[in-house]
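A.B. asks: One structure, as structure tokens, below. Some questions next.
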Amino acid sequence: MELTFLGATGTVTGSKYLLKTDTKHILVDCGLFQGLKQLRLKNWSKLPINPAKIDAVVLTHAHIDHSGYLPLLVKNGFSGKVYCSEGTADLCKIMLPDSAHLQEEEAEYANRRGFSKHHPALPLYTKEDAENALALLTPVSFEQDVDLGGGLTLRLSPSGHILGSAFVRIHSQKTSILFSGDIGRTNDILMKPPVRIKQADYLLIESTYGNRLHQNDDPKAKLATIINRTVKRKGVVVIPVFAVGRAQELLYYIHLLKTSGAIAEDIPVYLNSPMAVDATEIFNLYHGEHRLNAEQCRALFRTAHMVNSIEQSKALNELKGPMIILSASGMASGGRVVHHLKAFAPKSNNTILFVGFQAAGTRGAAMLDGAESIKIHGEYIPVRASVELISNLSAHADYAEILDWLSGFEAPPKKTFIVHGEPVAADSMRRHIQEKLHWQVEVPEYLETVRLD
Ligand SMILES: [Zn+2]
């Protein structure tokens, strides 16, 4: 076997790994690059492999940095099966058309305002491309062997990151490889912990938090403090969230805070992301994967006013605080939350609260860095609101949690590849594994190819 790293090297986005045998080409994950401009431009340059020659795709989970390139792959000639868990398939059905919609909207906006260098600006892909990709989804159950042909077998195991997220194991008679995808937390309030894996000859491990530990303090208490402080100022708490995963977790925390009296019961909460609303409904269908029962799911859903139409979304910007708005995207790189930032970031009584990893180059990273203004739709918007972060709400394991998960292996893999981390984080994860476990570890480079014997 041969493995080529086509993304998520030196960055947390663009996950794509090509596994090649004499007869089969399997692409594991098919993600979009996000964040820094030079990364985003990679989405537009020709893929170094011919999509028509790929036999199958396997997805670890539905987040766009792992699935969002699929419509383009299909547009450019891929026509095989896309294996994924049932939860991932259901989530992709809302996420890929939404991603296409954002691409189309961005192109349309650029054309209307004339700030693109390209005339006309075209979307990376369209809703029709996304629909064509969805037709190839082939959901498979967890912990079932799936024959990929050419002597290769696939098995998915729950990784506890979001609904449907999986460790992807592919093995032949001679060797096996495990792709971690994104690894969840041991004690997540919503998701069950990642399954322990005992064996793999080769391992790809994510390193988003390879150089960081999540604080041990209770995120609920910090959330209450931030909300109460802002409410006192009659301000608005804007929370950029990933529509899938963090939105549901935040709603559940807010529900707990309201019922315990830690925050006032009558503070209006809005979930302004049709995709998050849909994802919350899908959450109800997969009780096996998360910790909430049907009643808790209903309570979570009732916590917020669900905002669907554009008119309702715009009307929120005219409302006075106190109120809480949850809106996507989680790194404020696009979506409806950007319009809320335009409306609420300039006022000092408001709070912008980040609850997940902010990749380099995103507005989220800039604001956490103390940027006095951010650029939105070609316009500089002053940031006078408080900017806060609760990192403990992240859906990614930190390095200690990853080391603990790795300790479940009965024998060291022949080689472990560190991916899905910014350079400092990936290198730090490498050192932690070498020092603690004495494994053979490597941080691969973009387009590097390695042989797996
Ligand atoms: Zn993810």
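The values are calculated or read from the model by the stated rules, or taken from the named source; none is laboratory data. Remember, predicted model here, so these are calculated numbers, not experimental data. Cβ sites come from the backbone with ideal geometry, for glycine too, and all protein chains shown count toward neighbours. In case anyone asks, the SASA skips ligands and DNA or RNA and just uses the protein heavy atoms, side chains included. Shrake-Rupley method; radii C 1.70, N 1.55, O 1.52, S 1.80 Å.
A.B. asks: Of the residues that sit in segment 53-72 and are of a type in the set (A, V, I, L, M) and touching a strand residue (DSSP E or B) at 6+ places or on another chain (Cβ under 6 Å), which one is farthest from residue 142 (Cα to Cα)?
C.D. replies: 54
A.B. asks: Considering only segment 1-38, how many residues are open to solvent by 10 Å² or more (accessible area, probe 1.4 Å), under 20 Å from residue 211 (Cα atoms) and modelled with pLDDT of 95 or more?
C.D. replies: The qualifying residues number 1.
A.B. asks: Right, something else. Looking only at segment 117-133, which residues are assigned to a helix (DSSP H, G or I) and open to solvent by less than 30 Å² (accessible area, probe 1.4 Å)?
C.D. replies: 129, 130, 133
A.B. asks: Counting just the residues of segment 405-416 that are open to solvent by 40 Å² or more (accessible area, probe 1.4 Å) and of a type outside the set (Asp, Glu), which one comes out farthest from residue 225 (Cα to Cα)?
C.D. replies: Here the residue is 414.
A.B. asks: Sticking with this structure for a sec: Could you check, for segment 301-309, whether at least one of its residues is part of a loop (DSSP other than H, G, I, E, B), under 13 Å from residue 227 (Cβ atoms) and open to solvent by 60 Å² or more (accessible area, probe 1.4 Å)?
C.D. replies: no
A.B. asks: State the number of residues belonging to segment 143-171 that are closer than 25 Å to residue 242 by Cα and open to solvent by 50 Å² or more (accessible area, probe 1.4 Å).
C.D. replies: 0
A.B. asks: Do we find that residue 111 is assigned to a loop (DSSP other than H, G, I, E, B), more than 16 Å from the ligand (Cβ to nearest atom) and open to solvent by 10 Å² or more (accessible area, probe 1.4 Å) in this structure?
C.D. replies: No: the conditions fail for residue 111.
A.B. asks: Kindly list the number of the only condition in (1) farther than 15 Å from residue 5 by Cα; (2) more than 16 Å from the ligand (Cβ to nearest atom) that fails for residue 442.
C.D. replies: Checking residue 442 against (1) farther than 15 Å from residue 5 by Cα; (2) more than 16 Å from the ligand (Cβ to nearest atom), the one that fails is (1).
A.B. asks: Of all residues in segment 228-243, how many are within 12 Å of the chain's Cα centre (by Cα) and open to solvent by less than 10 Å² (accessible area, probe 1.4 Å)?
C.D. replies: 2
A.B. asks: When the residues of segment 371-404 are filtered to those that are over 21 Å from residue 226 (Cα atoms) and within 16 Å of the ligand (Cβ to nearest atom), which remaining residue is most open to solvent (accessible area, probe 1.4 Å)?
C.D. replies: Looking at the filtered set, the residue picked out is 401.
A.B. asks: Ok, one more. What helices (runs of 4 or more DSSP H) lie completely within segment 316-412 and have 1 or more residues being free of Cβ contacts under 8 Å to residues at least 60 places away in the same chain, over 30 Å from residue 107 (Cβ atoms) and in contact with a Leu (Cβ under 8 Å, 6 or more places away or on another chain)?
C.D. replies: Those helices (runs of 4 or more DSSP H) span 399-406.
A.B. asks: Quick check on residue 143: is it at pLDDT 95 or above and not in a helix (DSSP H, G or I)?
C.D. replies: Judged against the criteria, residue 143 is a match.
A.B. asks: Identify, please: which residue in segment 172-205 is open to solvent by 50 Å² or more (accessible area, probe 1.4 Å) and of a type in the set (Lys, Arg) and is, among those, nearest to residue 394 (Cα to Cα)?
C.D. replies: 192
A.B. asks: Among the residues in segment 43-61, are any of a type in the set (Phe, Trp, Tyr) and at pLDDT below 95?
C.D. replies: Checked against the condition, which is being of a type in the set (Phe, Trp, Tyr) and at pLDDT below 95, segment 43-61 yields at least one hit.
A.B. asks: For segment 265-283, name all the residues that are of a type in the set (A, V, I, L, M, F, W, C) and either under 22 Å from residue 294 (Cα atoms) or open to solvent by 50 Å² or more (accessible area, probe 1.4 Å) (or both).
C.D. replies: 269, 271, 275, 276, 277, 279, 282, 283
A.B. asks: Given the conditions (1) under 30 Å from residue 40 (Cα atoms); (2) touching a strand residue (DSSP E or B) at 6+ places or on another chain (Cβ under 6 Å); (3) within 16 Å of the ligand (Cβ to nearest atom), and given that residue 191 satisfies all but one, which numbered condition is not satisfied?
C.D. replies: Answer for residue 191: the failing condition is (1).
A.B. asks: In the set 298, 291, 336, which member is open to solvent by 50 Å² or more (accessible area, probe 1.4 Å), of a type outside the set (Val, Ile, Thr) and in contact with a strand residue (DSSP E or B) (Cβ under 8 Å, 6 or more places away or on another chain)?
C.D. replies: 291
A.B. asks: Checking residue 258 against (1) charged (D, E, K, R); (2) over 22 Å from residue 388 (Cβ atoms); (3) open to solvent by less than 40 Å² (accessible area, probe 1.4 Å), which test does it fail?
C.D. replies: (2)
A.B. asks: May I pose another question? Select the helices (runs of 4 or more DSSP H) contained entirely in segment 215-289, then report the ones holding at least 3 residues which are within 16 Å of the ligand (Cβ to nearest atom).
C.D. replies: 246-260, 274-283
A.B. asks: Give segment 176-187 a look and list any residue that's farther than 15 Å from residue 26 by Cα and away from the ligand (no atom under 13 Å from the Cβ), or say none.
C.D. replies: 186, 187
A.B. asks: Here's a follow-up. Applying the selection to segment 64-83, what residues are open to solvent by less than 10 Å² (accessible area, probe 1.4 Å) and either away from the ligand (no atom under 16 Å from the Cβ) or in a helix (DSSP H, G or I) (or both)?
C.D. replies: 66, 67, 70, 71, 73, 78, 82
A.B. asks: What about residue 160, is it in a loop (DSSP other than H, G, I, E, B), at positive phi and within 16 Å of the ligand (Cβ to nearest atom)?
C.D. replies: Criteria met by residue 160.
A.B. asks: Looking for whichever is within 23 Å of the chain's Cα centre (by Cα) and at positive phi here; the options are 370, 361. Which one fits?
C.D. replies: 361
A.B. asks: For segment 195-209, how many residues are touching a strand residue (DSSP E or B) at 6+ places or on another chain (Cβ under 7 Å) and within 16 Å of the ligand (Cβ to nearest atom)?
C.D. replies: 5
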